[in-house]
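Working notes, beginning with the structure itself.
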Number of protein chains: 2
Amino acid sequence: MNKKLILDLTATYTDLYELTMGQAYFLAGRKDESAVFDYFFRKNPFKGGYTIFAGLPDLLAILEDFRFSKDDLDFLKAQSFHPDYLAYLKGFRFRGTIYSLPEGDVVFPTRPILRVDGNLIETQLIETVLLNMLNFQSLIATKASRMRLAAGDGLLIDFGLRRAQGFGGYHASRAAVIGGFEGTSNVRTARDYDLRAFGTMAHSYVQSCESEIEAFRSFAAARPDDCVLLVDTYNTLKSGIPNAITVAKEMERRDHRLKSIRLDSGDLAYLAKQSRIMLDEAGLHYVKIAASNQLDEYVIRSLVAQAAPIDVFAVGTSLVTGQPDAALDGVYKLAWTNGHPVIKLSENVFKITLPDKKQVWRAINDQGLFLGADVVGFDDETNIDMMHHPFVPHQSSAVNASKIEPSLHLVMAGGKIVHNPPPLSQTAQYSRERLKMLPAEYKRFENPHVYKVGISSRLKALRDSLVAQHGG
Amino acid sequence: MNKKLILDLTATYTDLYELTMGQAYFLAGRKDESAVFDYFFRKNPFKGGYTIFAGLPDLLAILEDFRFSKDDLDFLKAQSFHPDYLAYLKGFRFRGTIYSLPEGDVVFPTRPILRVDGNLIETQLIETVLLNMLNFQSLIATKASRMRLAAGDGLLIDFGLRRAQGFGGYHASRAAVIGGFEGTSNVRTARDYDLRAFGTMAHSYVQSCESEIEAFRSFAAARPDDCVLLVDTYNTLKSGIPNAITVAKEMERRDHRLKSIRLDSGDLAYLAKQSRIMLDEAGLHYVKIAASNQLDEYVIRSLVAQAAPIDVFAVGTSLVTGQPDAALDGVYKLAWTNGHPVIKLSENVFKITLPDKKQVWRAINDQGLFLGADVVGFDDETNIDMMHHPFVPHQSSAVNASKIEPSLHLVMAGGKIVHNPPPLSQTAQYSRERLKMLPAEYKRFENPHVYKVGISSRLKALRDSLVAQHGG
C-alpha cells in the first residue's frame, strides 16, 4: 500500500498512447528517426494579457531521471506490449536536447516556449509529463503574478495546501513564489525549495483553550518572536482585538512584540480599518494585520482600493488551483521529423501548426520595454524588420525594435541539464523584472491589450508551401 | 535535485501552523489532552445536489505511515522549533481513531463525513493532508459521476493527465473511476490501482508518417487487436474516415478488427453521424466511435440528446481539474476537547459548528430510496422521529423513514487501518448503487433539490446551550 503513496515518479506517469505510438515506431524500425516538438499554448489564462512561464527545472530534473522501473515494465508486459519493445524500454533514457524560454519570463499564446529535439520515441514519450508540469506551474505562477500586481506593497502568502489538488499542492507553492508570493504555509515545499514558511493559528487552537485570552497567552508564550493571533473565533472587534491588545501589552513587558493579528471572516475592509484604529489607539502601531478568506486578485484589488490597512494577504484556493480556469491549454506539436519540416492542418486555421526548428525573437523598444510583438522565425534571422500575421493572409507589419533578443536557449543537451537552476528567489526576481518590461495595458485585468505574435517572411513562405502541398 | 521529484510523502506535507499549534500544546503540557475533529463541507460542487465521497484509503495509508524524516526535522530545527518538541516529533506516529462514511457514498453539505478522535497534537497535525486528499478526490469523483449520469451507456475514459495539476493527476485518475469512469490513459495510476489503461494515437503519429494511410497501416500492424485511429489530422470526412475504412478492410483480411476511430475536433455530433453512416455503408458496424476535445457533462449531455452515435467519451481537463470549481470547500472543525464538547461561533450562523462526538443517520424510505434527509445526532439515538433545522430556530420536521442507518463506521483504530480497502471496481460499483438510491430531483444539473440535513433534539439542546454559554 505504501508504494502507492510514495510517488517515486517513473516514466509511466504518462498517457498510454505515448507508449503505444512508441511501440509502433519501434516495430517499424523508426526508433532513430529525428523529431522536433514545440510546446506552446493558445490562450492566456484568466482572460489576461500574459502568462508567466514556470516549471522548467522540475521538468528537466524529471527528464534527466526518466526511466521505467521493474513494476512499470511488469505492468506494460501485462498490457501486451511487444517483448522487443519492452527490452528497449528497460534501457531507455531520454537523450534529447531542449531549448527553452527562461523560467519566470513573460510569454504569450501561439509562440513556441520550448523546443525538444531528439529521436521519435524519446520526444514522444516525454509529452505527457512535459505538458503536466509546465501547464500547471505556468498557470499558478500567472495567477500569483496577478495577485502580486493587485496587492501593491502587501505581503502575499500561500495558504492553499488544504484545498490544493492532492499532490499538486507540492508544485503549486513553488510556482506561487515565482509569480511573486513571499512564502507559503506548505512546509514540505518550503523545505525542498528553500522558501520562507509562514504560519499562524487555527480556530481549533482558540476553541481548545479555556478562553480566547488564555489561548492567545499560551500561543504567545510558545512563539514569542513570531506570534500571529487569529481574532475572529468569537467576535473580532468585541473579543478578538481587545484580547490581542491585552496580550500584546503583556508581551511588551517581556520585551517581545506581537507580530500580527489575522482576520479570517466578515467584511475584511471594515474589520481591518477598525482593528487598525484599535491597535493604534493602544500604541501597537507595529502590529501588522493579515487577512484571509476566499481572496483572489479581484478581492485584493478591491481591498487595496478601499485603503483597507491590510499588510499581509494569505491566499488559498484560488491561488493553488488557478480558479476558475484550473488549467493552461498548453500543447506539444510535431514540427520536424526525419529530415523535413511538418505541419498539422485543421479546419480551424488558428490550429494549423508552425513547421521546422524555430527560434522566437522578442522585440524591445528604445525604452527597454517589450515592443508588443514576438516574431517566430529561425536562429539565423537576427535582422527581422517585418512580421506576418500567423493566420490571416496578407496582413503584415514592420517591426520597429531597437533590439531583438532570442528567447529560446539551450537548457538540456543529450539528456543532461546544462546549468543548475538558480535559487527560486532569483527566478522570482527575474520574473518581476521581465513583467516590469511589459507595458501596463497588457497587464490590466479587463480586456487587456493583445500581445502580437508574428512569423518571419521565411517561416511564412515555408508554412504556406506546406499547406499548399497538403491541399489545405 | 532528484530528492525533490520523488515525493516520498512525509508529515511535513502540511501547513506550518499545524506544527506551530502542536508546539504550543506540547509546551503547555497538553499533548495528551483528547480532541475530536469533524470533516465536512459547506457546498456541493458544480451547483449540484450531491457529492461523492472519495480519497479515504489513500488518506488512511498516509496516516498509517505519517512520520517526520530527518530532512523534515532538520528543516524544522532551522525554523526555531523547540528542541523538546523536535524530539517528540522524531518519534511521532498518528495513533488516533477514525470513523468515516464509506468511500464512494453519496454525501451532502454540513453533515460530518469523517470524525477523528485522538490527542490534541495528532488530531491537529493531520488536518492539512486530510483536507488535501479528501477535498480533491471527492471533487473529482463528483465531477466524474455527473459525466456518468450524462453519458448514458457510453464508455467514459479519462484522458486528462497532461492538463492535470502536476502530481495531482495521480489521484485524479483514481477518483474518476470511483465516479463512474471505465478507465484512464494515465499508466502509472492504472498500474498502482489496477485500472484499465486506454490509449489511442496522437496527431504527431500521423504527421510523422509519409501519409495518413501509411500511418494507419503501421499503427494497425503494431496494435492489431487494440487499434484506435485518430481521423482528424487532415480532414475527417474526406481523408480520415475513408483511410480508416481502407485500413479496416485490410485488417479484416488478416482476421483483425479495427476497434474504433477517434474524433478530436470540429462538430462532434455532425462528424459522428457522418462517420457512422460511412462506416456502416462499408459494413464496419462493429467499429466504434470515440470522441474527445473539451468535453464536460454538459457537452456530453448535448451529444447524447442529439443522438450522436458516440460510443466512447474521452474527457480531459474538465474532469481531472474539476472545472470550474477546482476545489471542494471541505473543513476540519474541533467538536470536543479535554472532556467537553466545543463549538466555534460566527457572525454567520451557517458557520457555527456542531459540538460533541457525533453520528450521522441516513433515513431511507419504504422503496429503499434516500428519504431526502440526514440527521446528525449520536450513536445511541437509533430512534429519531424528529429533526431540527441546524441553523434556523423553531424549524423542525418529522422523519418518516422506514429505516435509518448509521453512516460513520470505524475505519482506523489506534493509528491502524481496520480493513484493507476493497478493489476500486468494487468501490465504483458501491458508489453507483448508492447514487441509484438518490431520487432523480437531487441529481439534475439545474437547480437540484436540496437534500436536508437536520440535527437531533439532543444535539440541538447541547448546541443551543453552548451558544448561550458563549453569549452567541
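Take the stretch A:368-423 and flag every residue that is small (Gly, Ala, Ser) and farther than 30 Å from A:ASN348 by Cβ.
Passing the criteria: A:GLY368, A:ALA401, A:SER402, A:ALA413, A:GLY414, A:GLY415.
Looking at A:SER211, A:SER204, A:SER265, which is the one that is buried (at least 21 other Cβ atoms within 10 Å of the Cβ), in the same structural domain as A:GLN306 (by TED's automatic domain parsing) and small (Gly, Ala, Ser)?
A:SER204
Any idea which of A:VAL299, A:VAL287 is of a type in the set (Val, Ile, Thr), farther than 30 Å from B:THR123 by Cα and surrounded by fewer than 20 Cβ atoms within 10 Å (Cβ to Cβ)?
Criteria check complete, one pass: A:VAL299.
Return the total of residues in the stretch A:377-391 being within 19 Å of A:LYS357 (Cβ to Cβ), at pLDDT 85 or above and surrounded by fewer than 16 Cβ atoms within 10 Å (Cβ to Cβ).
2
Conditions: (1) within 30 Å of B:MET133 (Cα to Cα); (2) in a loop (DSSP other than H, G, I, E, B). A:LEU60 meets all but one. Number of the miss?
(2)
Going by the structure shown, is A:PHE26 touching a residue at least 40 places away in the same chain (Cβ under 8 Å), among the aromatic types (Phe, Trp, Tyr) and closer than 28 Å to B:ALA221 by Cα?
yes
Among the numbered criteria (1) on the phi > 0 side of the Ramachandran plot; (2) at pLDDT 95 or above, which one does A:HIS394 miss?
(2)
Which one of these is more than 14 Å from chain A (Cβ to nearest Cβ) and either in contact with a strand residue (DSSP E or B) (Cβ under 7 Å, 6 or more places away or on another chain) or more than 30 Å from B:ASP38 (Cα to Cα) (or both): B:VAL342, B:VAL287, B:VAL331?
B:VAL287
Which of the residues belonging to the stretch B:120-173 are among the aromatic types (Phe, Trp, Tyr) and either in contact with a Pro (Cβ under 9 Å, 6 or more places away or on another chain) or not in a helix (DSSP H, G or I) (or both)?
Matches in the stretch B:120-173: B:PHE159 only.
Answer yes or no as to whether B:THR97 is out of contact with any His (no Cβ under 7 Å at 6 or more places or on another chain), more than 10 Å from chain A (Cβ to nearest Cβ), on the phi > 0 side of the Ramachandran plot and among the β-branched types (Val, Ile, Thr).
No; evaluated as a whole, the condition is false for this residue.
Could you count how many residues in the stretch A:145-168 are more than 14 Å from chain B (Cβ to nearest Cβ) and under 24 Å from B:VAL331 (Cα atoms)?
The qualifying residues number 1.
Residues checked against (1) in a loop (DSSP other than H, G, I, E, B); (2) at pLDDT 95 or above:
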position: A:LYS4; (1), (2): no, no
position: A:TYR13; (1), (2): yes, yes
position: A:GLN23; (1), (2): no, yes
position: A:TYR39; (1), (2): no, yes
position: A:LYS43; (1), (2): yes, yes
position: A:GLY49; (1), (2): yes, yes
position: A:ALA54; (1), (2): yes, yes
position: A:ARG93; (1), (2): yes, yes
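Test B:TYR442 against the stated conditions and say whether it is in contact with a His (Cβ under 6 Å, 6 or more places away or on another chain), in the same structural domain as B:ALA373 (by TED's automatic domain parsing), touching a residue at least 12 places away in the same chain (Cβ under 8 Å) and not aliphatic (A, V, I, L, M).
Considered against the rule, which asks whether it is in contact with a His (Cβ under 6 Å, 6 or more places away or on another chain), in the same structural domain as B:ALA373 (by TED's automatic domain parsing), touching a residue at least 12 places away in the same chain (Cβ under 8 Å) and not aliphatic (A, V, I, L, M), B:TYR442 comes out as yes.
State the number of residues belonging to the stretch A:76-116 that are under 23 Å from A:GLY22 (Cβ atoms), of a type outside the set (A, V, I, L, M, F, W, C) and in contact with a Gly (Cβ under 8 Å, 6 or more places away or on another chain).
Looking only at that region, the number is 5.
Look through the stretch A:319-328, keep the residues that are touching a helix residue (DSSP H, G or I) at 6+ places or on another chain (Cβ under 7 Å) and surrounded by 22 or more Cβ atoms within 10 Å (Cβ to Cβ), and return whichever of them is farthest from B:LEU319 (Cα to Cα).
Ranking the qualifying residues of the stretch A:319-328, first place goes to A:LEU319.
Inspect the stretch A:306-318 for any residue being over 30 Å from B:LEU328 (Cβ atoms) and in contact (Cβ under 8 Å) with a residue 60 or more places away in the chain and give the result as yes or no.
yes
Looking at the stretch B:222-241, I want the residues that are closer than 17 Å to B:ALA291 by Cβ and have a partner that is outside any loop (DSSP other than H, G, I, E, B) and of a type in the set (Ser, Thr, Tyr) with Cβ atoms under 7 Å, at least 6 apart or on another chain. Which pairs are those?
B:VAL228/B:SER260; B:ILE241/B:SER275
Quickly run through the stretch B:169-190 and pick out the residues that are within 13 Å of chain A (Cβ to nearest Cβ) and farther than 18 Å from B:PHE53 by Cβ.
B:GLY169, B:TYR170, B:GLY183, B:THR184, B:SER185, B:ASN186, B:VAL187, B:ARG188, B:THR189, B:ALA190
Examine the stretch B:346-353 for a residue that is in contact with a strand residue (DSSP E or B) (Cβ under 8 Å, 6 or more places away or on another chain), at pLDDT 95 or above and buried (at least 18 other Cβ atoms within 10 Å of the Cβ), and state whether such a residue exists.
Within the stretch B:346-353 (the criterion being in contact with a strand residue (DSSP E or B) (Cβ under 8 Å, 6 or more places away or on another chain), at pLDDT 95 or above and buried (at least 18 other Cβ atoms within 10 Å of the Cβ)), the answer is no, since none of the residues qualifies.
For every residue, the table says whether it meets (1) touching a strand residue (DSSP E or B) at 6+ places or on another chain (Cβ under 8 Å); (2) loosely packed, with under 14 Cβ neighbours inside 10 Å; (3) not in a strand (DSSP E or B).
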{"site": "A:ASN400", "(1), (2), (3)": "yes, yes, yes"}
{"site": "A:VAL411", "(1), (2), (3)": "yes, no, no"}
{"site": "A:ARG434", "(1), (2), (3)": "yes, no, yes"}
{"site": "A:GLU446", "(1), (2), (3)": "no, yes, yes"}
{"site": "A:VAL450", "(1), (2), (3)": "no, yes, yes"}
{"site": "A:ARG463", "(1), (2), (3)": "yes, no, yes"}
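Any idea which residue in the stretch A:365-376 is farthest from A:LEU435 (Cα to Cα), counting only those that are of a type outside the set (Gly, Ala, Ser) and either at pLDDT 95 or above or not in a strand (DSSP E or B) (or both)?
A:VAL376
For the stretch B:184-241, which residues satisfy the criterion of being over 38 Å from the mean Cα position of the chain (by Cα) and of a type in the set (Asp, Glu)?
B:GLU210, B:GLU212, B:GLU214
Every residue, every condition in (1) of a type in the set (Ser, Thr, Tyr); (2) closer than 21 Å to A:SER457 by Cα; (3) in the same structural domain as A:THR110 (by TED's automatic domain parsing); (4) out of contact with any Asp or Glu (no Cβ under 7 Å at 6 or more places or on another chain), yes or no:
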residue: A:GLY339; (1), (2), (3), (4): no, no, yes, yes
residue: A:LYS351; (1), (2), (3), (4): no, yes, yes, yes
residue: A:GLY368; (1), (2), (3), (4): no, no, yes, yes
residue: A:LEU371; (1), (2), (3), (4): no, yes, yes, yes
residue: A:ASN383; (1), (2), (3), (4): no, yes, yes, yes
residue: A:MET387; (1), (2), (3), (4): no, yes, yes, yes
residue: A:ALA398; (1), (2), (3), (4): no, yes, yes, no
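Among A:HIS394, A:HIS409, which is more than 30 Å from A:ALA176 (Cβ to Cβ) and either among the small types (Gly, Ala, Ser) or in the same structural domain as A:ARG463 (by TED's automatic domain parsing) (or both)?
Being more than 30 Å from A:ALA176 (Cβ to Cβ) and either among the small types (Gly, Ala, Ser) or in the same structural domain as A:ARG463 (by TED's automatic domain parsing) (or both) holds for just one of A:HIS394, A:HIS409, which is A:HIS394.
Check A:ALA11 against each of (1) more than 10 Å from chain B (Cβ to nearest Cβ); (2) under 29 Å from B:PRO57 (Cα atoms); (3) within 29 Å of the chain's Cα centre (by Cα) and name the one condition it does not meet.
(1)
Here's the yes/no breakdown for (1) surrounded by fewer than 20 Cβ atoms within 10 Å (Cβ to Cβ); (2) of a type in the set (Phe, Trp, Tyr); (3) more than 7 Å from chain A (Cβ to nearest Cβ):
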site	(1), (2), (3)
B:GLU18	no, no, yes
B:VAL36	no, no, yes
B:PRO45	no, no, yes
B:GLU64	yes, no, yes
B:ASP71	yes, no, no
B:LEU76	no, no, yes
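Please specify each residue of the stretch B:423-432 satisfying the condition of being part of a loop (DSSP other than H, G, I, E, B) and within 25 Å of B:ASP38 (Cβ to Cβ).
Result: no residue meets the conditions.
The values are calculated or read from the model by the stated rules, or taken from the named source; none is laboratory data. It should be emphasised that the depicted structure is a prediction, and the values quoted were computed from it without experimental measurement. Cβ atoms come from the backbone with ideal geometry, glycine included; neighbour counts cover every protein chain shown.
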